[in-house]
Structures are given as structure tokens and as C-alpha cells.
Amino acid sequence: MKKITFLIIIALIASNAFSQKFTGGIAVSPLISFMKPDISKKIENNKVKFGFNVGLVGDINLTDNFAISTGINVNNFGGSLKYTDSIASFNVDLGTSDTSYSLASGSIIDYKLQYVEIPISIKGKTNEIGYMTYFLRAGINPMFRWKAKGIVNGGTIVDNESIKKEVSPLFMAYNIGGGFYYSLGGSTKVMVELVYKNGLTDITKTTFYNVSKSDKIILNSISLRVGILF
């Protein structure tokens with residue numbers, strides 16, 4: 001009985017200590033994203049896409065001024081690309097079967113993507129000034145494909161069909177962000193943050209004629225993140 005009581009006391013102390021070191025909440029982020037060809041002369045950025053990000057956020061506080069920031073988010077973003085060369089094979093999932101199309105040069109593809117993201121960042125924070133705490137952070141963003149749909153104009157028409165085989169299942173980016181917390185009393189805070197994400201890996205799997213893989217497309221985004229932490 002004494003051992004059980006002792007373990008319960010230790011668990012309560014550990015729980016209280018962890019609760020003081022961890023803050024978490026929920027956030028939403030309207031965003032602008034665009035797909036940027038890397039070096040390739042066969043692809044042009046056509047237009048930006050408006051989307052949003054929603055998810056859970058959390059800080060593991062290492063000291064009063066430094067924390068590891070993480071969470072889990074669902075990104076709804078994408079972009080539009082114009083292919084100035086013909087595409088040998090563009091795979092579309094029609095539900096009951098997969099179909100491969102060849103696309104003529106000049107085809108424009110709109111990408112509507114959903115990726116689940118688990119960001120990991122180092123965050124530096126000021127001491128509270130009045131009700132405000134300012135911060136900067138930087139880190140990496142591994143993202144895992146959830147859904148991918150496309151609209152193709154030019155030659156063959158694909159209208160909002162699944163194009164998972166044309167999009168990478170894993171995408172990596174880095175992030176730089178900055179903003180502030182506004183204290184509402186106790187541990188409750190409003191968070192406002194501007195975040196820039198720059199892609200590190202290829203997000204498409206496009207194949208041109210006579211070339212197995214000749215392009216690298218990175219996806220960048222700028223978002224305004226608003227949330228509440230407890």
C-alpha cells in the first residue's frame with residue numbers, strides 16, 4: 001500500500017511538472033501557396049492557390065525563453081503549373097480503375113493537395129512585456145500525402161480527379177515564423193504568427209517523353225496563423 005501511495009505521489013508530481021512545461025491548443029491558418037519549378041525550362045508557375053491549414057499546436061518549454069514547437073496539421077494547398085513540353089504519362093485514379101493520359105505541350109494542371117504535417121521547430125521567446133510575448137521559430141516540416149486531386153486543361157481533360165500517383169507521398173519543407181502571444185489570464189493565450197514554408201523535396205512525379213524524370217517542383221507557402229493555447 002505504501003509503495004502504491006508513493007508511486008501515485010511521484011506520478012502527480014511528474015504530471016504537474018510536465019503540465020508546466022507543455023502548452024498546447026488549436027490554430028487555423030489562411031494561406032497562399034505556389035509551386036515553383038527548380039531550374040527546369042519545361043515548366044512554368046501558372047498561378048497561386050488560396051488554401052488553409054488547421055490543426056493542433058504545442059510547445060515543450062525547455063526554459064523560460066526556449067521551446068520545441070510541434071503539433072499535427074492538415075494542409076489544404078497546391079498550385080498551378082503550365083507544362084511547355086508534352087507529358088508522356090499522367091496517371092489518374094477514376095475510382096474503379098487507373099487511367100494514364102499523354103498530355104500535349106501547353107497543358108495546364110491545377111493541383112489541389114491535402115498533406116498531414118508534423119512540424120518540429122526551435123522557438124525563442126521574449127519575457128512577457130505587458131500582456132505580450134514575442135517569438136521567432138525555425139524548423140522542418142515533414143508532410144504525408146492524404147489526398148491529391150487535379151484539373152487538367154489542354155488536350156485531355158481531367159476534372160477534379162484523384163492524381164495520387166502524380167504526387168509524392170512524402171514531402172519535406174523548412175519553416176521560418178514569427179509572431180506574438182497575448183495573455184488572456186492564467187495560461188490561456190491568443191497566438192498570431194506569420195509563417196513561411198519553403199519546399200526541400202520534389203512534390204510531383206511528372207514524366208516527359210524520353211526522359212524518366214526531368215523536373216523538380218517545390219511547394220512554397222505563406223500563412224497567417226491564429227490560435228488559442230491553454
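The values are calculated or read from the model by the stated rules, or taken from the named source; none is laboratory data. Since the structure is predicted, the reported quantities are computational estimates derived from the model, not experimental observations. Using ideal geometry, Cβ is built from the backbone for each residue, glycine included, and neighbour counts are taken over all protein chains shown.
Within region 53-69, the residues that satisfy the criterion of being surrounded by 15 or more Cβ atoms within 10 Å (Cβ to Cβ) and within 23 Å of Ser168 (Cα to Cα) are Asn53, Gly55. Within region 80-101, the set of residues being buried (at least 16 other Cβ atoms within 10 Å of the Cβ), among the hydroxyl-bearing types (Ser, Thr, Tyr) and within 17 Å of Ser162 (Cα to Cα) comprises Ser80, Tyr101. For region 23-40, does any single residue satisfy the condition of being of a type in the set (A, V, I, L, M), surrounded by 16 or more Cβ atoms within 10 Å (Cβ to Cβ), in a strand (DSSP E or B) and modelled with pLDDT under 90? Within region 23-40, none of the residues are of a type in the set (A, V, I, L, M), surrounded by 16 or more Cβ atoms within 10 Å (Cβ to Cβ), in a strand (DSSP E or B) and modelled with pLDDT under 90. Scanning region 194-214 turns up no residue that is within 21 Å of the chain's Cα centre (by Cα), at pLDDT 95 or above and closer than 19 Å to Ile108 by Cβ.
Checking each residue in region 54-101 for being acidic (Asp, Glu) and within 25 Å of Ile203 (Cα to Cα) picks out Asp85, Asp93, Asp98.
Anything in region 41-52 that is assigned to a strand (DSSP E or B), charged (D, E, K, R) and surrounded by 13 or more Cβ atoms within 10 Å (Cβ to Cβ)? List them, or say none. Residues satisfying the conditions are Glu44, Lys49. Considered as a group, the residues in region 109-133 that are farther than 30 Å from Ile203 by Cα and among the β-branched types (Val, Ile, Thr) include one that is modelled with the lowest pLDDT, and that residue is Ile129.
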